[in-house]
Amino acid sequence: MIIQKSREEIELMRQSALLVSKTLGMIATEIKEGVTTLHLDKLAEAYIRDNGGTPGFLGLYGCPSTLLTSVNEQVVHGLPTNRPIENGDIVSVDCGAILNEFYGDHAYTFEIGEVAPETKKLLQVTKESLYVGIRELKIGNRVEDVGNAIQTYCEAHKYTVVRELVGHGLGRKMHEDPEMPNYGKKGRGKLFVEGMVVAIEPMINLGTRNIKTLKDGWTIVTADRKPSAHFEHNVAIVNGRPELLSTFGYVYEALGIVSDEENEFRMQPLVL
């Protein structure tokens, strides 16, 4: 059952999402060659708690960390380690936080130093596909309209879409209805309703779409060990159209990136 949120609840969820956005912005200032993902995890936990929140992943389903940090061929759910990040790596940083009794949950894949051109292109297309999917989150459409848009866009660029892992509804629980796959057929799935909030998160591979889980029980990798990219936003349906609750603006501010990609999904400009 889809849990519709009131306008007041959506504004509380925006604050939760923005705490995650700010945490990712802080990570953007710290993530670099030689730094460990375990160090980043400790920084994130401290930042979330210092800003009045609670880490959303830590302890959830037994998760031992605040961040999930997936490097190169790791798709999602990578556990932080003492392995130093290397030049040329890509690192998906997925973060969750609880504030005002609601969850925020989104992800950004960072480039470290000089990244291979084919990998840079994968990241670009994956992030573009996120917004392609968000455009379909509107009254009159259904769940698989979003997935079909993401799938069509990525496959047109010769990339593959992970099938076993999906986005999800978001609220007082990390995972609510509906599941939001990144593939599908137009016109199928649950009908979108006003006030629903979802996490849309394309997970796109350079090679095969097949995946494996490592012995730690968490880290998921591509079967052919080629790179995978992951970007995620929290989005509500407000007045029948998609409204972004999260932002990559804090990441872009830290990295010196200028972008207007989020503007069409905001009722009013976001002040960083």
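Taken together, the values in this text are just the output of simple stated rules run on the coordinates, not laboratory data. The structure presented is a predicted model; accordingly, all values stated were derived computationally and were not measured. Cβ: placed from backbone, ideal geometry, glycine included. Neighbour counts: every protein chain shown.
Quick notes on this structure:
- When the range 16-35 is filtered for residues that are out of contact with any Asp or Glu (no Cβ under 7 Å at 6 or more places or on another chain), surrounded by fewer than 24 Cβ atoms within 10 Å (Cβ to Cβ) and of a type in the set (Gly, Ala, Ser), the ones remaining, listed by number, are Ala28, Gly34.
- Among residues of the range 89-101 that are under 12 Å from Gly56 (Cα atoms), those with a Cβ under 8 angstrom from a residue that is among the hydroxyl-bearing types (Ser, Thr, Tyr) and part of a strand (DSSP E or B), sequence gap 6+ or separate chain, pair up as Asp94/Thr69; Asp94/Ser70; Gly96/Tyr103; Ala97/Thr54; Ala97/Tyr103; Ile98/Thr54; Leu99/Thr54.
- Residue, surrounded by the most Cβ atoms within 10 Å (Cβ to Cβ), within the range 248-259, restricted to residues that are without any contact (Cβ under 8 Å) to a residue 60 or more places away in the chain and not small (Gly, Ala, Ser): Tyr252
- Screening the range 187-198 for residues that are exposed (fewer than 15 other Cβ atoms within 10 Å of the Cβ) and without any contact (Cβ under 8 Å) to a residue 60 or more places away in the chain and picking the one that is nearest to Leu165 (Cα to Cα) gives Arg188.
- Condition met for Lys215 (without any contact (Cβ under 8 Å) to a residue 12 or more places away in the chain and part of a loop (DSSP other than H, G, I, E, B)): yes
- Boolean, Lys32 is within 22 Å of Glu253 (Cβ to Cβ), assigned to a loop (DSSP other than H, G, I, E, B) and either without any contact (Cβ under 8 Å) to a residue 40 or more places away in the chain or not aliphatic (A, V, I, L, M) (or both): yes
- Inter-residue pairs, beta-carbon under 6 Å, first in contact (Cβ under 8 Å) with a residue 60 or more places away in the chain and in the range 3-24, second among the charged types (D, E, K, R), 6+ apart: Ile3/Glu176
- Restricting the range 220-247 to residues that are out of contact with any Ser or Thr (no Cβ under 7 Å at 6 or more places or on another chain) and in a loop (DSSP other than H, G, I, E, B), the residue that is surrounded by the most Cβ atoms within 10 Å (Cβ to Cβ): Leu245
- Residue match in the range 145-164 (condition: surrounded by 15 or more Cβ atoms within 10 Å (Cβ to Cβ), closer than 21 Å to Phe57 by Cβ and among the charged types (D, E, K, R)): no
- Residues of the range 58-90 that turn out to be of a type in the set (Gly, Ala, Ser), within 18 Å of Thr109 (Cβ to Cβ) and assigned to a loop (DSSP other than H, G, I, E, B), as a count: 3
- Selected residue (criterion: farthest from Tyr103 (Cα to Cα)) from residues of the range 69-84 that are among the hydrophobic types (A, V, I, L, M, F, W, C) and out of contact with any helix residue (DSSP H, G or I) (no Cβ under 9 Å at 6 or more places or on another chain): Val75
- Count - residues of the range 48-100 that are over 14 Å from Met174 (Cα atoms) and of a type in the set (Ser, Thr, Tyr): 5
- Every listed requirement among (1) closer than 26 Å to Arg163 by Cβ; (2) of a type outside the set (S, T, N, Q); (3) over 20 Å from the mean Cα position of the chain (by Cα) is met by Val238 save one, (1).
- Leading residue by the ranking (surrounded by the most Cβ atoms within 10 Å (Cβ to Cβ)) among those in the range 36-67 that are among the aliphatic types (A, V, I, L, M) and within 18 Å of the chain's Cα centre (by Cα): Leu67
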